[in-house]
Amino acid sequence: MSQRISIHGQWSSRLLFILAASGSVVGLGNLWKFPYITGENGGGAFVLVYLLCLALVGIPVMMAEVLIGRRGRQSPVFSWQFVAAEAGASSAWKLAGWAGMLAGLVILSYYSVIAGWTLAYLVRMVSGSLMLVTAEGASSIFTQLVLDPERLLAWHTIFMVMTIKVVSRGVTKGLEQAARILMPLLLFMLVVLVVYAWRQGDFSQAYAFMFNSDFSKLTPNAVLTALGHAFFTLSVGMGAMMVYGAYLPKGISIAKTSILVGLLDTVVGLLAGLAIFSVVFAHDLPAGDGPGLIFQTLPIAFGQMPGGSFFGTLFFLLLVFAAWTSAIALVEPMVSWWVEKRGVDRIRAAIWTGISAWLLGIVTILSLSSWSFSFSFGGVLKRHGLFDVLDILTSSIILPLGGLAIAMFAGWVMSRDAVVEEFEGRAGIGFKLWYFVIRFITPVAVVLVFLRAIGVV
Ligand code: TRP
């Protein structure tokens with residue numbers, strides 16, 4: 001049974017799995033979302049809770065998710081079906097696969113729109129049109145872009161085509177190849193930018209903002225946001241890691257690779273936050289302005305700094321690469337499912353997935369301009385537009401629930417022997433610790449955070 005391999009192929013090596021999985025986890029979540037939600041939620045205490053969520057929930061769930069995928073060897077829906085049957089459990093578990101696949105489609109739809117913003121800014125940076133822009137200028141450029149559905153649609157389309165192109169080439173020639181080229185470049189650019197921000201920006205204030213915890217600012221909602229973001233940034237809870245696990249050859253340690261990828265993601269997020277806030281504070285710009293944070297503030301800062309146009313270009317290129325390798329991973333669960341279910345070829349499956357997400361993305365685009373509205377979430381946050389609804393629905397609700405299902409399944413439903421087998425048969429102290437966390441800590445933490453957010457406890 002354990003000799004089965006996926007019909008979609010396998011990762012060529014441990015390193016390529018690590019690169020591809022890092023490509024999936026490191027994305028707009030680290031470079032765009034983490035800074036803006038940290039800004040909105042007051043910094044320090046939020047970051048600490050987020051780190052706790054990564055360690056006690058996100059990374060343990062990642063291991064469980066990869067494990068289920070490698071055992072099932074198929075797209076998430078069918079892997080769930082397989083492992084549930086093997087464990088003699090209800091086939092209803094595959095609903096988690098369905099929910100995840102649909103969440104992936106929704107995330108992809110708005111992810112591609114935001115990635116479109118980054119493409120638009122990349123072009124502006126290259127052309128030099130953002131040099132010496134003022135604060136008003138930068139915010140009006142951003143507003144004009146976001147309120148221009150045609151332009152957003154064009155960038156959204158370009159990004160989706162880039163993504164589908166890679167996915168349609170398959171695991172080895174597409175997913176691996178993209179990771180092999182883009183990830184080293186991305187890490188290199190990140191280091192250059194951090195050094196630049198450290199020398200040119202206000203690093204100490206950024207550090208203080210991110211690490212001095214003031215728990216009085218921490219609302220129950222912020223805790224849910226931190227938990228949701230731990231899932232989002234690690235790409236867990238919706239099956240993307242499961243399908244990457246399905247392509248993982250036997251004999252490669254799930255624990256070590258997951259921890260490595262999780263740590264890399266954490267470090268990238270923290271470094272990106274430090275770099276971005278250094279620049280923001282050096283120019284006395286607001287930190288809590290929401291999704292526009294990096295788009296409205298960084299051009300001003302880059303525009304005034306020595307070498308800013310070069311480093312600004314580098315920054316937006318970094319965003320594009322990061323978004324691209326993540327979007328590829330967002331498409332994969334549905335493409336693999338389509339291929340397995342309908343027997344269609346990968347190219348067709350990729351195109352159909354792309355078209356579905358593209359159409360849904362149009363809703364996000366329109367909601368940014370003509371369909372915007374306000375609503376309150378948990379009575380605390382007032383946010384605007386359907387984009388936020390989709391974001392909250394996926395990151396704060398579906399991903400944590402998916403993660404809960406994964407933890408419960410690996411911890412309580414799957415036989416311990418099967419789990420140990422996926423740990424290369426070694427049930428040492430590391431395994432015991434993880435097994436305890438996934439059985440007790442993770443589920444309790446997710447449930448508590450939910451109950452707290454809806455005001456029950
Ligand atoms: N982790 C990605 C980021 O930080 C976003 C993401 C969430 C994702 N779920 C995913 C990417 C699933 C790939 C697959 O930007």
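With respect to being among the polar types (S, T, N, Q), farther than 16 Å from ALA323 by Cβ and either away from the ligand (no atom under 14 Å from the Cβ) or under 17 Å from the mean Cα position of the chain (by Cα) (or both), SER235 falls outside the description.
Where residues in region 298-320 are surrounded by 23 or more Cβ atoms within 10 Å (Cβ to Cβ) and within 16 Å of the ligand (Cβ to nearest atom), which of them is farthest from ALA287 (Cα to Cα)? Of everything passing the filter in region 298-320, LEU318 is farthest from ALA287 (Cα to Cα).
When GLY39 is tested against (1) at pLDDT below 95; (2) assigned to a helix (DSSP H, G or I); (3) touching a Lys or Arg at 6+ places or on another chain (Cβ under 8 Å), only condition (3) is not met. Do we find that ILE114 is more than 16 Å from the chain's Cα centre (by Cα), closer than 30 Å to ARG169 by Cα and either within 15 Å of the ligand (Cβ to nearest atom) or surrounded by fewer than 24 Cβ atoms within 10 Å (Cβ to Cβ) (or both) in this structure? No. Scanning region 131-140 finds one or more residues that are in a helix (DSSP H, G or I), hydrophobic (A, V, I, L, M, F, W, C) and more than 30 Å from VAL335 (Cβ to Cβ). Looking only at region 238-274, residues that are within 16 Å of the ligand (Cβ to nearest atom), over 26 Å from ALA427 (Cβ atoms) and in a helix (DSSP H, G or I) come to 12 in all.
Restricting LEU15, LEU52 to residues that are closer than 25 Å to PHE321 by Cβ and surrounded by fewer than 20 Cβ atoms within 10 Å (Cβ to Cβ) narrows the list to LEU15.
The values are calculated or read from the model by the stated rules, or taken from the named source; none is laboratory data. All figures in this text were calculated on a predicted structure; none of them were measured in a lab. Cβ sites come from the backbone with ideal geometry, for glycine too, and all protein chains shown count toward neighbours.
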